[in-house]
Amino acid sequence: MRSIWKGALTFGLVNVPVKLYSATEDHDVSLHQVHEADGGRIRYERRCEVCGKVVKYQDIDKAYDDGEHTVILTKDDFDALPAERSREIEVVEFVPNDQIDPLMFERSYYLEPDSKSPKAYVLLRRTLESTDRTAIVRFALRQKTRLAALRVRDDVLVLQTLLWADEVREAKFPSIDEEVKISQKELDLSNSLVESFADDFHPENFEDEYQVELRKLIDAKIEQGEAIDTAATFGEREEGETGGEVIDLMEALRRSVDSARARKSG
């Protein structure tokens with residue numbers, strides 16, 4: 001892995017030099033656009049609407065336009081911002097682990113100690129573990145001030161950027177406010193259904209079926225050409241696989257519980 005940022009994690013007067021790494025990666029099949037008629041690749045050009053010339057990426061600046069004024073901002077302008085120049089991840093508070101809404105999580109990064117002695121790094125890690133708290137930190141990355149949660153995962157400090165409070169939409173759905181009566185029998189059946197699916201979470205047991213099928217389709221087209229038989233490639237869907245029409249909620253619950261139990265016993 002290559003680090004994407006270097007700086008220091010600070011809490012109080014304690015300074016922990018660290019390197020930042022992306023904790024996740026994209027494994028989707030890479031595709032590009034082509035012309036349907038001849039397969040020619042579609043290219044996009046950065047063309048200036050004033051002079052009509054194609055502009056190189058390194059010659060492009062950004063601008064703000066409020067309708068009356070246009071302000072051009074160069075790379076030097078962005079680099080001059082105090083927040084952008086800062087190389088610190090500042091701890092602003094320590095909060096209980098369960099107080100952070102998962103809806104606010106954005107991207108995840110690993111922090112590696114970047115000093116001859118990792119003592120301060122290990123001290124912070126053990127402190128977070130012993131207090132059952134998450135550190136809320138603030139730092140600048142890629143022309144944006146970030147709020148993030150700092151926690152421990154497998155002895156590594158993990159930084160998870162957070163959405164700002166005003167970036168999370170409020171859920172207002174009138175249909176949810178309608179009064180609904182749930183019988184005890186319906187609740188019992190629903191609980192039984194949950195129990196029939198109950199298990200420990202093992203993420204390695206799951207895979208992106210769409211990407212697997214897409215790769216299978218690509219391989220089939222490479223081997224057989226354009227006129228492939230998709231039914232033969234993926235297999236025909238068996239009749240009744242999606243189930244028959246469900247009359248009511250109770251019937252749906254009963255059938256679901258029976259199906260789950262049969263699957264487990266089989």
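The values are calculated or read from the model by the stated rules, or taken from the named source; none is laboratory data. Source: prediction; values computed, not measured. Here the Cβ is made from the backbone with ideal geometry for all residues, glycine too, and neighbour counts use every protein chain on show. With ligands, DNA and RNA removed, areas are computed over all heavy atoms of the protein, side chains included. Shrake-Rupley method; radii C 1.70, N 1.55, O 1.52, S 1.80 Å.
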For the stretch 1-112, the dipole about the Cα centre with charges only on Cβ (Lys and Arg +1, Asp and Glu -1), to the nearest 20 debye, works out at 640 debye
Quick one: compute a quarter of the convex hull surface over the Cα atoms of the stretch 29-74 and quote it in nm². 6.1 nm²
Using only Cα atoms, figure out Rg for the stretch 107-155 and give it as a multiple of 2.2 N^0.38 Å. 1.25
Pairs of alpha-carbon atoms within less than 8 angstrom and 6+ residues apart define the contacts here; what relative contact order does the chain have, in percent? 16 percent
So for the stretch 1-97, what are the equivalent ellipsoid semi-axes in whole Å, largest first, each being the square root of 5 times an eigenvalue of the Cα gyration tensor? 39, 25, 13
Computed helical MRE - 222 nm, the chain, DSSP H runs ≥ 4 contributing -39500 (n - 2.57), nearest 500: -8500 deg cm²/dmol
Given the peptides 90-99, 52-61, arrange them by the average over their residues of other C-beta atoms within 10 Å, most packed first. 90-99, 52-61
In whole Hz and in residue order, list the ³J(HN,Hα) couplings for the stretch 251-259 that follow from phi through the Karplus curve 6.51 cos²θ - 1.76 cosθ + 1.60, θ = phi - 60°; x for Gly and Pro. 5, 4, 5, 4, 4, 5, 5, 4, 5
Cα-based reach from Lys216 at 18 Å (exclusive), listing aspartates and glutamates while leaving out same-chain residues under 8 positions away: Asp28, Glu207, Asp208, Glu226, Asp229, Glu236
Here are some pairs, Lys19/Lys119; Lys6/Lys119; Lys144/Lys172; Lys6/Lys62; Lys119/Lys144; Lys53/Lys75; which of them have Cα atoms lying more than 24 Å apart in this structure? Lys144/Lys172; Lys6/Lys62; Lys119/Lys144
Phi angles of the stretch 109-123, converted by Karplus (6.51 cos²θ - 1.76 cosθ + 1.60, θ = phi - 60°) into ³J(HN,Hα) in whole Hz with x for Gly and Pro, give 9, 8, 10, 10, x, 10, 8, 5, 10, x, 4, 5, 4, 5, 4
Counting alpha carbon pairs within less than 8 Å and at least 6 residues apart, what relative contact order, in whole percent, applies to the stretch 21-136? 26 percent
Return the carbon/sulfur percentage of the accessible area of the chain, one whole number, probe 1.4 Å, all protein chains in place. 49 percent
Whether the stretch 74-142 is rounded, prolate or oblate, judged on the alpha carbon gyration tensor where a/c under 1.5 counts as rounded: oblate
The chain: C-alpha gyration tensor shape, a/c 1.5 cut-off, then a/b vs b/c: oblate
Heavy atoms only, probe 1.4 angstrom, no DNA, RNA or ligands counted: give me Thr230, Thr127 ranked by accessible area, highest first. Thr230, Thr127
Under a 10 Å cutoff between Cα atoms, tell me which one of Ala120, Ala80, Ala227 has the largest fluctuation in the Gaussian network model of the chain. Ala227
Comparing Pro203, Pro102, Pro17, which has the greatest mean-square fluctuation in the GNM of the chain with Cα pairs linked when under 10 Å apart? Pro203
In debye to the nearest 20, how big a dipole does the chain give about its Cα centre with +1 on each Lys and Arg Cβ and -1 on each Asp and Glu Cβ? 1640 debye
Ignoring ligands and nucleic acids, His27 exposes an accessible area, probe 1.4 Å, in Å² to the nearest 10, of 140 Å²
Applied in sequence order to the stretch 57-70, the curve 6.51 cos²θ - 1.76 cosθ + 1.60 (Karplus, θ = phi - 60°) yields integer Hz couplings, x standing for Gly and Pro, of 4, 5, 9, 9, 10, 10, 8, 10, 10, 9, x, 10, 10, 10
Is the shape of the stretch 91-216 rounded, prolate or oblate, going by the alpha carbon gyration tensor and its root eigenvalues a ≥ b ≥ c, with a/c under 1.5 for rounded and a/b larger than b/c for prolate? prolate
Cα-based equivalent ellipsoid of the stretch 148-197: semi-axis lengths in Å, sorted from largest, via gyration tensor: 37, 24, 6
